[in-house]
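Visitor: Input: one structure, supplied below.
Just so it is clear, none of the values below were taken in a lab; they were calculated from the coordinates. This is a predicted model, so every value here is computed, not measured. No Cβ is skipped: glycine too gets one built from the backbone with ideal geometry, and neighbour counts run over all protein chains shown.
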Amino acid sequence: MAIESTPSQTAHRHSPALKTLELRIPCGKVWLYGDLSLPPDFTGLVVFAHGSGSGRHSARNRQVAQALQNAGLATLLFDLLTAQEEREDSQTREHRFNISLLTQRMQDATLWLLQQDDFKDVPVGYFGASTGSAAALIAAARMGPRVAAVVSRGGRPDLAGPVVLASLEAPTLLIVGGADQSVIELNEDAFAQLHCEKKLAIVPRATHLFEEPGALAQVSQLAAAWFTRYLQKSPGIGQACSASKHQVTHNAGRALS
């Protein structure tokens, strides 16, 4: 099965070799839109779970994604909510904290990608921000060895619950702003409950959104180092990856269904 997509008109602003495709992803009974970016000879794929009230166009997540792409990792930023759900959420906020819904959509999107010939042998990681980190952690625990690493930025891992945290096997990096005291405490408590390979990194003087000069760059560096370490292809995957990249690019002109 080939990925159906349309080429992004802004795909080549940062790197002429980077291919960016807009995808239409089936998640349960709905279709969600995502931006898949493929650097040359990518070694893994990082799927993003945005925080409450955000989406695939989040400037912060896109800055992190660009750093991952520069490190040779493919990225998928996709909307966890439909356009209708986003409109409802802007009024009621009923969906942004529906961790069960967000988790299921992370799983659905990941499983759909892994069913494609393009990605069936590519190691996958999750990057979660704010409440999206809880969905990323739960989905990673459920996906088992198919998710090779998790990074949380200013996250709420406490929302994943102690059972999930204790059962998580994927190496997990928790990144918190040094001035975000309440979230530091939540992450410290969650960190103590993790039994996987783990690290807690605190970015000095950064607040919850990492808006301070250089703060998000530090997040990007930490995330890129973590994913580069753990998203390594096993022997024999290289040829499949090179072929898959050709298939994705070849099918870029097909219309969304």
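Visitor: Quick one: if the Förster radius is 22 Å, what FRET efficiency do Glu188 and Gln63 give, using the C-beta to C-beta distance and rounding to 0.05?
Guide: E(calc), rounded to 0.05, equals 0.25.
Visitor: Okay, moving on. List the GluC sites (Glu not before Pro) within the stretch 56-160 that DSSP assigns to loop and that have no more than 13 neighbouring Cβ atoms inside 10 Å.
Guide: In loop regions of the stretch 56-160 (DSSP not H, G, I, E or B), the sparsely surrounded GluC sites (Glu not before Pro) are Glu94.
Visitor: Loop only by DSSP, 11 or fewer other Cβ within 10 Å of the Cβ. Give me the GluC sites (Glu not before Pro) in the stretch 145-233 that pass, ordered by residue number.
Guide: Glu211
Visitor: At a Förster radius of 22 Å, what calculated FRET efficiency corresponds to the Cβ-Cβ distance of Gln115 and Trp31, to the nearest 0.05?
Guide: 0.90
Visitor: Still on this model: Using a 7 Å offset from the Cα along the Cα-to-Cβ direction at both Arg24 and Ala83, what is the distance between the two label points in nm, to one decimal?
Guide: Placing both labels 7 Å beyond Cα along the Cβ direction yields 1.2 nm.
Visitor: What's the extension gain from Gln181 to Thr207 if we count 0.36 nm per residue and subtract their Cα-Cα distance?
Guide: Numbers: separation 26, 0.36 × 26 = 9.36 nm, distance 0.87 nm.
Value of the extension gain: 8.5 nm.
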